[in-house]
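Input: a single structure, listed below in structure tokens.
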Amino acid sequence: MRRRWLATVAITMAGVLGLAACGSGGGDGGGGDAKKQVEVFSWWTGPGEADGLQAMRKIFEAKNPNLTFFDAAVAGGSGDKAKALLQSKLQADTPPDTFQGHAGAELQGYIKAGDLEDLTSLYDELKLKDVFPAQLVEQITLDGKIYSVPVNIHRSNVLWFNPTVLKDAGVAGAPKTLEEFVAALEKVKAKGKVPLSIGSEWTVTHLLENVLLASLGTDGYNALFKPGADWSGPQVTKALESFKTIMSYAGDPQDDWQPAAKQVADGEAAFNIMGDWAYGYFHNPPDGGLGKTSKTDFDWAPAPGTEGTYMWLSDSFTLPQGAKNRDGALAWLKVAASKEGQDAFNPKKGSIPARKDADQSLYTDYLADALKDWSSNKLAGSIQHGVSVNQTWLASINEAVGLFIASKDVAALQRALADAAKANAQ
């Protein structure tokens, strides 16, 4: 399996590098007759997310007629394959002009390696500290400098469910606790439906972070990422036992999060715990989504046991050191930071804007709920999506989860998680 994955990365890397070489334009993004290319590297290739990227691209190209957008997106939910390819490009000193990264701990490795330029002057120019939430600015600041431009806020702890499947199974509504969740999963299983759909390995880590938050509470969860945190204690053991129980109701793993979510929308499965990017996929018209009707074909609630807490993450773009088209990259960052860009991107992506001054009338249905909760809930940072742990720590967690999927050994999983924390928490 790992060999197949590496082969896929190698093939993808060759294709992306080849395309970049064919169309790459150097220089400063201005002057001359030929348009200068701006290579924008992301992992937004699926329905909803790709639509949001294209909406922002249209604004970028309209504002910058001397530039052309090169979409260097690499498929794979959560960006694992994209990050592997990106690391190869950075090591070869052939960075894209700008790349997507999750705001928070995920970017620290790039910053410490000297791979990113300081964007503080851009923040000053655009007065971004006035329009981004203070806690978000703090999360993307290291030693007084800011290295990325966030385009959105996502929620990780969302339970998506099919109302008809629940009704047929005798489940009154979205379960509010882990105990209620397990009882509902059992009822769905008895009816012959898939109780809980899952995707590739990273979606199981995503599920784990939700169970940890539900079991430990907000303060206990956040404490896991502080120096000296106790991953070996009985509270974590209890959480992992709940995780094992919930995983026992999971269906066959799908290729990624989209087909797992589709099982819920199509009535094949009852529940899926996934970030709110799933909303865009459910809701958007069939040319970019499933064209489903909210509250009928699908519904949502905070993941069981997490109501009142917003487990958050933020997609952002960076300015790599040595970018071929630095000025073009800055032009892209200005669009990504703008009210116009964020209002074009986020309704399609299924996220809310990072800016505080966005047009709230554009954010309806699920997104209206998200805006309200973001302003009132406690906050917890996602593990899988780069807020709470760096990439080395996350790799160790994902490896432990992968082994657990095969072994179902809670004690081994806890030992591995504790070892990963000791090696990486600072």
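Things worth noting here:
- Residue in region 58-68 that is more than 19 Å from D327 (Cβ to Cβ) and modelled with pLDDT under 95 present: no
- Whichever residue in region 235-275 is within 20 Å of the chain's Cα centre (by Cα) and aromatic (F, W, Y) and, among such residues, is modelled with the lowest pLDDT: W257
- Any pair with Cβ under 7 angstrom, 6 or more apart, that starts in region 183-212 at a residue that is assigned by TED's automatic domain parsing to the domain that holds P253 and among the hydrophobic types (A, V, I, L, M, F, W, C) and ends at one that is surrounded by fewer than 23 Cβ atoms within 10 Å (Cβ to Cβ) and in a strand (DSSP E or B): L196/A250; I198/A250
- Index of the failed condition, A329 passing every other in (1) touching a residue at least 40 places away in the same chain (Cβ under 8 Å); (2) in the same structural domain as D97 (by TED's automatic domain parsing); (3) surrounded by fewer than 24 Cβ atoms within 10 Å (Cβ to Cβ): (3)
- Only residues that are in a loop (DSSP other than H, G, I, E, B) and touching a Pro at 6+ places or on another chain (Cβ under 7 Å) were counted in region 97-116, giving 2.
- Hey, W393 hydrophobic (A, V, I, L, M, F, W, C), closer than 17 Å to I153 by Cα and part of a helix (DSSP H, G or I) or not: no
- When region 280-322 is filtered for residues that are touching a strand residue (DSSP E or B) at 6+ places or on another chain (Cβ under 7 Å) and under 21 Å from I146 (Cα atoms), the ones remaining, listed by number, are W312, L313, S314, D315, S316, F317, T318, L319, P320, Q321.
- All positions within region 22-57 that are in a loop (DSSP other than H, G, I, E, B), modelled with pLDDT of 90 or more and farther than 12 Å from A73 by Cβ: none
- Screening region 106-132 for residues that are in contact with a Ser or Thr (Cβ under 9 Å, 6 or more places away or on another chain) and either touching a residue at least 60 places away in the same chain (Cβ under 8 Å) or among the small types (G, A, S) (or both) and picking the one that is surrounded by the fewest Cβ atoms within 10 Å (Cβ to Cβ) gives G109.
- Close pairs from region 300-324: first more than 21 Å from E106 (Cα to Cα), partner part of a strand (DSSP E or B) and among the aliphatic types (A, V, I, L, M), Cβ under 6 Å, at least 6 apart: W300/V158; A301/L159; A303/L159; A303/I273; T309/A380
- Those residues of region 400-412 which are over 23 Å from the mean Cα position of the chain (by Cα) and either under 25 Å from Q108 (Cβ atoms) or hydroxyl-bearing (S, T, Y) (or both), in sequence order: S407
- I146, sole failed condition from (1) aliphatic (A, V, I, L, M); (2) more than 24 Å from the chain's Cα centre (by Cα); (3) assigned by TED's automatic domain parsing to the domain that holds K334: (2)
- Residue match in region 82-93 (condition: without any contact (Cβ under 8 Å) to a residue 60 or more places away in the chain, closer than 21 Å to D327 by Cβ, out of contact with any His (no Cβ under 6 Å at 6 or more places or on another chain) and part of a helix (DSSP H, G or I)): no
- Filtered by the rule that a residue be of a type in the set (D, E, K, R), surrounded by fewer than 21 Cβ atoms within 10 Å (Cβ to Cβ) and at pLDDT below 95, region 276-292 gives a lone residue, D287.
- Counted residues, region 206-230 - those being hydrophobic (A, V, I, L, M, F, W, C), out of contact with any Gly (no Cβ under 6 Å at 6 or more places or on another chain) and assigned to a helix (DSSP H, G or I): 7
- Odd one out for A174, checked against (1) outside the structural domain of A331 (by TED's automatic domain parsing); (2) surrounded by fewer than 17 Cβ atoms within 10 Å (Cβ to Cβ): (2)
The values are calculated or read from the model by the stated rules, or taken from the named source; none is laboratory data. Every value quoted in this text rests on a predicted model; they were computed, and no experiment measured them. So basically every Cβ, Gly included, is an ideal-geometry build from the backbone, and we count neighbours across all protein chains shown.
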